[in-house]
Structures are given as structure tokens and as C-alpha cells.
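J.: Here you go, one structure.
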Amino acid sequence: MRRRRILGYGAACIGAAALMLFVGWWQVDGPGAPEPAGQLPIPLSAMDFSLTDHKDNKVGPGTLVGRPTMVFFGFTHCPDVCPTTLSDISGWLDDLGQEAEELNVVFITVDPERDTVKAMAEYVGYFHPGIRGWTGEEEEIAKAANGFRARYWQVPTEGGDYTLNHTSSVFLFDAEGHFVSTIDYHEPREFAVPKIQRTMKETGEAS
Amino acid sequence: MKNMIKNSLVTLVMAISFAVPVLAGSEDVVVEDAWSRASIGMSRPGAAYMTIRNTGDEAIILTGLRTDLAMMPEIHQTSTNAEGVSSMAPAGEIKIAAGGEVALEPGGLHAMLMRLQRPMTEGESFLLNLVFSDGSEVMIEVPILGIAARGPEG
Ligand SMILES: [Cu+2]
């Protein structure tokens, strides 16, 4: 019995240490960390890339100028972050209702090797109809990611497969194509939706 | 003895009230709110989520997963760094303190289901075994929700 109690205290100590480590991580590396300066997306008008949307239309940064825009990078073989973010985005768009129609919402793949136009079409079909999926040549994807200052790289997994690490923030741009802010991975809806509305309003006042 | 009966009763009550029946294995483990997302075909990995509670008075260690749905089921941890880059890695062994719980939820820990043996179809469910360090296993039934599901309620 006494040994059990000691074990219990041990577990509590490990728990406390883990909590401290977690708090440290949260503030230094985690979502609580300050945004690094100098890594903000450039204006859409200064970007240069050419991709194909899930309906087989040629698209590029110019397609987005004129309306406020929300962009997210990911890939369809992503089991956790991407479906979660796309369903978060779908929820925000549901909340916005009619307003959502005034917004460009684009999911750009960082896995053009597997994400063909057909694969993107099928995938985005499961989420809010306002979400469009863009894919294309590897080089063009790289140019796009560079403009948004988004990063991604392949990580091999067992059995010759691979997954990708990638920037999971959602980027918000005003109608003139200027970067406004990001919505971080899994930001609660009560913060995300007003952020989108502010981005849209900013545009309305400017024009 | 009295304690044992109490524990069994707790497990039984939990099993009924949470609709995620604990079918076999370690009697101090209670699994709640298990859910997963449907897959598109079989080429993409799936993910399942749940809360695992240890109602016993000794720590337990979750060492792995077993299911006939996937050849390589593994517990993974998603993390997002200061630059906003998300990555995923095997979580290794997971210790659950006496009376403690561990949540497998989007953006954190997840049961990663690699090399699916059949598509995960919305409305169906699959059996998943949680394997613990003492060799015991807990079998749970995981409902498969839509691809755009956000939580156990859909
Ligand atoms: Cu994973």
C-alpha cells in the first residue's frame, strides 16, 4: 500500500514536470509563441504562380484580387491537421452564411505528386462548397508557397510512403490582395469568425 | 474484493452509458467519445480519436494499437511550432496516471490508421484494441463519422 502511494507521488511529480514542460513549449514553440517578424506573406499582386483549380480552370494570384481571400496549404493524404482545418473553415463559412459568398476560399496542396485535379475535386467536395482546391506543377506550388511564406517538406514513413510537414495557418487577405492576418491552427471559432469579418469590413471601407 | 466489485460495476455502467463498450481487457480502463473520420478509398491513412481514462489506482502504459482495419495502426502526436508548421510523429508509449486520462483529439494525439485494409465508410464502425504494457488489451468499437466531422457528435 505504501509503495503504491510513493508511486502515486512519483506520478504526480512527473505530471507536474510534464505540465511545466508543456507551458514552456506553449510559450516558446507552441501556439502561445509570438509571430516571427519578417516572414509575412507578400501582396497577392506581387506573387507569381500558375495553378489549376479543382474544376480544371487555370488560376493564379490574380484570380483572388478583387475579393477578400482565405488561403490554407495542406494535402489530401493528411489524416489529422488538414481535415480538421478544412472542417473548421467549413464551420466558419457556415457561420458567415451569405457573407461567405463574398470570400475566396482556397486550399492549395503541397503534395502535387498525389493530389491531382481529380483528387482535389473529390476531397474538397466533402467540405463547404465555397472551398476551392488548387494544384499544379511542383515548381508552381513552390512559387506559391514562397509568396505566402508557407513552408512544407516531405518526411518518409515506413514502407516507402511519405507524409508532409507544412504551415497550417490560414492566411487572410483583403480585396486589394494585401495580407491582413492569419488564423492559427485550431483557433477557436469565436476568434476566427470575427477576424474574417474584420478582414471583409476593412476591405469594404477601403473601397 | 469489495473494491474489485466496485470497479467492475463502474466499468459496466460506463460501458452502457457511453455507447463505446469496453469488451475485454484491463478493467480499470474506460474509453469515452471514440470517433473517426470516413476515408476516401484505401490509399490515405485514417485517424481515430477518443478519451482514455484510468480509473484504477496504479499508472498504466498504453504501448500500441491493434485492428484488422489497418496494417499499421500507431499512436501519433501532431505538433505545431512557432512558424506555424505542423508535423506528426509516433508518440511512443503513453503513461496514464492513476485516476488520470489522456485525450486523443484533433491537432494532438491521434490513433493513426496506416495501410487501410478496407475503406472507412461513414455510418459503419470498426473494432480497435488498445494494448497495454502488462499485455492486456481493451477492445473498443469506433464509430466512423463523415470526412468533415469535428468531434464525436459529428
Ligand atoms: Cu498521424
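The values are calculated or read from the model by the stated rules, or taken from the named source; none is laboratory data. None of the values given here were measured: they were computed from a predicted structure. Note that each Cβ is placed from the backbone with ideal geometry, even for glycine, and that neighbours are counted across all protein chains shown. Protein only, heavy atoms only, side chains kept; ligands, DNA and RNA dropped before computing areas. Shrake-Rupley method; radii C 1.70, N 1.55, O 1.52, S 1.80 Å.
J.: So for the pair B:Glu141, B:Asp68, with labels modelled 7 Å out along Cα→Cβ, what separation do we get in nm?
T.: If labels sit at B:Glu141 and B:Asp68, their model points lie 1.5 nm apart.
J.: What's the extension gain from A:Glu176 to A:Gln154 if we count 0.36 nm per residue and subtract their Cα-Cα distance?
T.: The span from A:Glu176 to A:Gln154 would gain 4.6 nm if fully extended.
J.: Additional query: Quick query: amide H of A:Trp134 versus all other amide H atoms, modeled in the peptide plane; which residues come in under 5 Å with a sequence gap of 5 or more or a different chain?
T.: For A:Trp134, whose amide H was placed from the backbone, the distant partners under 5 Å are A:Phe107, A:Ile108, A:Thr109.
J.: Moving on. With all protein chains present and a 1.4 Å probe, how do A:Val155, B:Val30 order by accessible area, largest first?
T.: So, going from the largest accessible area down, we get A:Val155, B:Val30.
J.: Quick one: what are the phi-derived ³J(HN,Hα) couplings along the range B:143-150, Karplus 6.51/-1.76/1.60 with θ = phi - 60°, whole Hz, x for glycine and proline?
T.: Result, rounded to whole Hz: x, 9, 9, x, 4, 8, 4, 10.
J.: Another question, if that's okay. Taking the Cβ-Cβ separation of B:Ile40 and A:Asp95 as r and a Förster radius of 22 Å, what is the calculated FRET efficiency to the nearest 0.05?
T.: FRET efficiency, B:Ile40 to A:Asp95: 0.25.
J.: Please list 3J(HN,Hα) in residue order for the range A:136-146, calculated via the Karplus relation 6.51 cos²θ - 1.76 cosθ + 1.60 where θ = phi - 60°; whole Hz, with x for glycine and proline.
T.: Once rounded to whole Hz, the list reads x, 5, 3, 5, 5, 4, 4, 5, 5, 4, 4.
J.: 5 Å is the cut-off here: which amide hydrogens, built 1.01 Å from N in the peptide plane, fall below it relative to A:Arg149, excluding neighbours closer than 5 in sequence?
T.: Excluding prolines and chain starts, which carry no amide H, the hits are A:Ile42.
J.: Given a 1.4 Å probe and heavy atoms of the protein chains only, how would you sort A:Lys201, A:Lys195, A:Lys118, B:Lys95, largest accessible area at the top?
T.: Order by accessible area, largest first: A:Lys118, A:Lys201, B:Lys95, A:Lys195.
J.: How large is ³J(HN,Hα), in whole Hz, for each residue of the range B:34-47 in order, when computed from phi with the Karplus curve 6.51 cos²θ - 1.76 cosθ + 1.60 and θ = phi - 60°, using x for Gly and Pro?
T.: 6, 7, 8, 9, 4, 10, 9, x, 10, 7, 9, x, x, 9
J.: Shifting gears a bit: Hey, can you grab everything whose amide H is under 5 Å from the amide H of A:Ser181? Only 5+ residues off in sequence or another chain; H modelled, so Pro and N-termini drop out.
T.: Distant-sequence amide H within range of A:Ser181: A:Leu172.
J.: Taking a ≥ b ≥ c as the square roots of the Cα gyration tensor eigenvalues, with a/c under 1.5 meaning rounded and otherwise prolate when a/b beats b/c, else oblate, which class fits the range A:37-206?
T.: Prolate shape, in that a/c is at least 1.5 and a/b is the bigger ratio.
J.: Which value, in Å² rounded to 10, gives the accessible area of B:Glu93 with a 1.4 Å probe and all protein chains present?
T.: 130
J.: Please give the solvent-accessible surface of B:Ile61 in Å², to the nearest 10, using a probe radius of 1.4 Å with every protein chain present.
T.: Accessible area of B:Ile61: about 50 Å².
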